[in-house]
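To keep things clear, I will list the structure first and then write my remarks on it.
The values are calculated or read from the model by the stated rules, or taken from the named source; none is laboratory data. Bear in mind the structure is a predicted one, so any value in this text is a computation, not a measurement. Note that each Cβ is placed from the backbone with ideal geometry, even for glycine, and that neighbours are counted across all protein chains shown. Each accessible area value is taken on the protein alone, full model and side chains, heavy atoms only, with ligands, DNA and RNA left out. Shrake-Rupley method; radii C 1.70, N 1.55, O 1.52, S 1.80 Å.
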There are 2 protein chains.
Amino acid sequence: MARTVDPARHEARRLVIIDAALTVFAERGYDGTTTAAICRQAGIGSGTFFHYFPTKLELLLAILTLGIQEVRHAEARYADRTDALGVVLDIVRQGADDAADPRMPGFVRAVGGVMHLPDVAAKLDEDTHAQQELIRPWVERAQRAGEIRTDLTPDRITSWLYLLTDGFLGRVAVDEGFTAQGEKATLVETARRFLAP
Amino acid sequence: MARTVDPARHEARRLVIIDAALTVFAERGYDGTTTAAICRQAGIGSGTFFHYFPTKLELLLAILTLGIQEVRHAEARYADRTDALGVVLDIVRQGADDAADPRMPGFVRAVGGVMHLPDVAAKLDEDTHAQQELIRPWVERAQRAGEIRTDLTPDRITSWLYLLTDGFLGRVAVDEGFTAQGEKATLVETARRFLAP
DNA sequence: GCATTAGTGGAGTGTGCGCTCTAATAATTG
DNA sequence: CAATTATTAGAGCGCACACTCCACTAATGC
């Protein structure tokens, strides 16, 4: 009997579909995207599509899951740092870099548009949590070191930093003259002003 | 022959439908909202619905148009002020107040989810324009008065102020512990820090 | 009163799309 | 080679839902 031919090939195919979906979702929104369009973009038939993902929604969730994993991997990147404020600002900088992928803003809007689906809401919650776990310890450390203001709790500061990066993302999505690379420096400077004691 | 019975009644009915739609859109997203659900919420039949609005999309656009008109009316409110920075911060404050309507964040996400429709994109452009025309003159005045920083152009400062209010709105939508009223003061304070020379 | 038309409801229709089903092919094992 | 199963494509099904249609009522003008 023949079993899984090549797990790597399977995974690669999965990623091709995910990448295609990311593109189309960003362009047309979630409901505006037909599974047929994803198949066309990925160069596959609908049979193949549903062989890899049971539903269109599961595909969206798979994309979100991938994002969460990326955030979790990022933790290791800062493990040996000692300059807490520097790490916080680097994470903010990373947010600006993420916004540079031209598909990102559209995709974020697309996800927002179906946030009322419980599964999507849950995944986004998980994402928020992962991001908070990434940044909060560094905020606390920076506070103890006296590098940043202490009149707000670490949780609120974290929320406000996400407010900045999320707003940044949204602005890039909407505003012609507002580019991720061009405004990155201002983002970091604004975060610095916000954090100042 | 009998002509329009009561224009006011007609307009009122229209507003009832608009209000119902705002509620349902915010809860379920645009595509997740059926015209039947709007009718149920508004207490009307589908015949009545399509008597007032030719399509579901036109209804959404009507809501956006209403918002634009509100922004335009706001201009008069500040006409006789002389403290430019104060006006700018008041406009920011107004943004926080708008976010206090519990339906607002959901509605904004819903609109974002269908931003790929050309008509929606056009209306949002118009909205952005209206808001810029509201705030930009005051930013310029504040710069000339030396009340705020001058290292960024008025356009960029305006964009960044919207980044703050939009991000604020998004945060209220997502974050349990982040309430419009509770964080309003921090929003104004953050705007002040951003604007400081 | 009659004529006319705005306003209203709801049954029904047509379409678009997510997903299923079938059938064929490729890959693997023994 | 045969046997088995993963993989692929695409035709088509069923359903949900935006919108149409028709019948009726209410209001107004004459």
Using the membrane-span-like helix rule (whole DSSP H runs, Cα extent along the own axis of at least 27 Å, mean Kyte-Doolittle hydropathy at least -0.5), which helices of chain A qualify?
A:7-28, A:56-78, A:154-174
Treating only the Cβ of Lys, Arg, Asp and Glu as charged (+1, +1, -1, -1), what charge dipole size does region A:22-127 show about its Cα centre? Round to the nearest 20 debye.
400 debye
Subtract the Cα-Cα distance of residue A:192 and residue A:155 from 0.36 nm times their separation in residues, and report this length gain in nm to one decimal.
11.6 nm
Taking amide H positions as placed 1.01 Å from N in the peptide plane, with prolines and chain starts having none, which residues 5 or more places from residue A:83, or on another chain, fall under 5 Å of its amide H?
none
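Say R0 is 45 Å: what FRET efficiency, to the nearest 0.05, do residue A:65 and residue B:83 get from their beta-carbon distance? All intermediate terms of the calculation are to be shown ahead of the outcome.
Values: r = 50 Å, r/R0 = 1.12.
According to the calculation, E is roughly 0.35.
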If the label for residue A:8 sits 7 angstrom from Cα along the Cα-to-Cβ line, what are its distances to the same label in every other copy, in nm to one decimal, shortest first?
7.7
Enter the accessible area of residue B:166 (Å², nearest 10), with the probe set to 1.4 Å and all protein chains included.
80 Å²
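Quickly estimate the mean residue ellipticity at 222 nm for the protein assembly as shown, helices only: each DSSP H run with n ≥ 4 gives -39500 (n - 2.57), and the total goes over all residues, rounded to 500. List each step's numbers first, then the result.
On the way: 18 runs with 298 residues, N = 394.
The per-residue figure over the protein assembly as shown is -25000 deg cm²/dmol.
Charges only on Cβ, +1 for Lys and Arg, -1 for Asp and Glu: so what's the dipole of region B:59-195 about the Cα centre, in debye to the nearest 20?
Details: 16 positive and 22 negative charges, 46 e Å.
My answer is approximately 220 debye.
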Rank these residues by their accessible area, most exposed first, probe 1.4 Å: A:150, A:33, B:35.
A:150, B:35, A:33
Exposure of residue B:10 as accessible area (Å², to 10), given a probe of 1.4 Å and all protein chains:
80 Å²
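Normalising by the residue count of chain A, find the relative contact order in percent from Cα pairs under 8 Å and 6+ residues apart. Before the final figure, lay out the partial values.
On the way: 169 pairs, mean separation 51.2, N = 197.
RCO, chain A: 26 percent.
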Which distances, in nm and shortest first, link the residue B:97 label point to the same label point in every other copy, taking 7 Å along Cα→Cβ?
4.2
Which one of A:118, A:88, A:21 has its Cα pushed farthest toward the positive end of the charge dipole of region A:1-151, where Lys and Arg give +1 and Asp and Glu give -1 at the Cβ?
A:21
Just report the Cα centroid separation between region A:72-131 and region B:4-71, whole Å.
36 Å
Treating only the Cβ of Lys, Arg, Asp and Glu as charged (+1, +1, -1, -1), what charge dipole size does region B:1-77 show about its Cα centre? Round to the nearest 20 debye.
180 debye
Using a label position 7 Å from Cα in the Cα→Cβ direction, what is the ascending list of nm distances from residue B:137 to the same site in the other copies?
5.3
Averaged over B:144-157, how many beta carbons belonging to a partner chain fall within 10 Å of each residue's beta carbon?
1
For residue B:56, give me every one of the aspartates and glutamates with a C-alpha distance below 14 angstrom, ignoring sequence neighbours fewer than eight places off in its own chain.
B:19, B:31, B:119
Filtered trypsin sites (Lys or Arg not before Pro), region A:1-87: DSSP coil and at most 13 other beta carbons within 10 Å:
A:3, A:81
Not counting ligands, DNA or RNA, and with a 1.4 Å probe, what is residue A:30's accessible surface area in Å² rounded to the nearest 10?
20 Å²
Where labels lie 7 Å past Cα in the beta-carbon direction, separation of residue A:100 and residue A:9 in nm:
3.6 nm
For labels at residue B:51 and residue A:16 in the simple 7 Å Cα→Cβ model, what's the distance in nm?
5.5 nm
Expressed in angstrom and ordered largest first, the alpha-carbon extents of the protein assembly as shown along the principal axes are 83, 59, 33
How many partner chain Cβ atoms sit within 10 Å of a residue's Cβ in peptide B:166-175, on average, as a whole number?
6
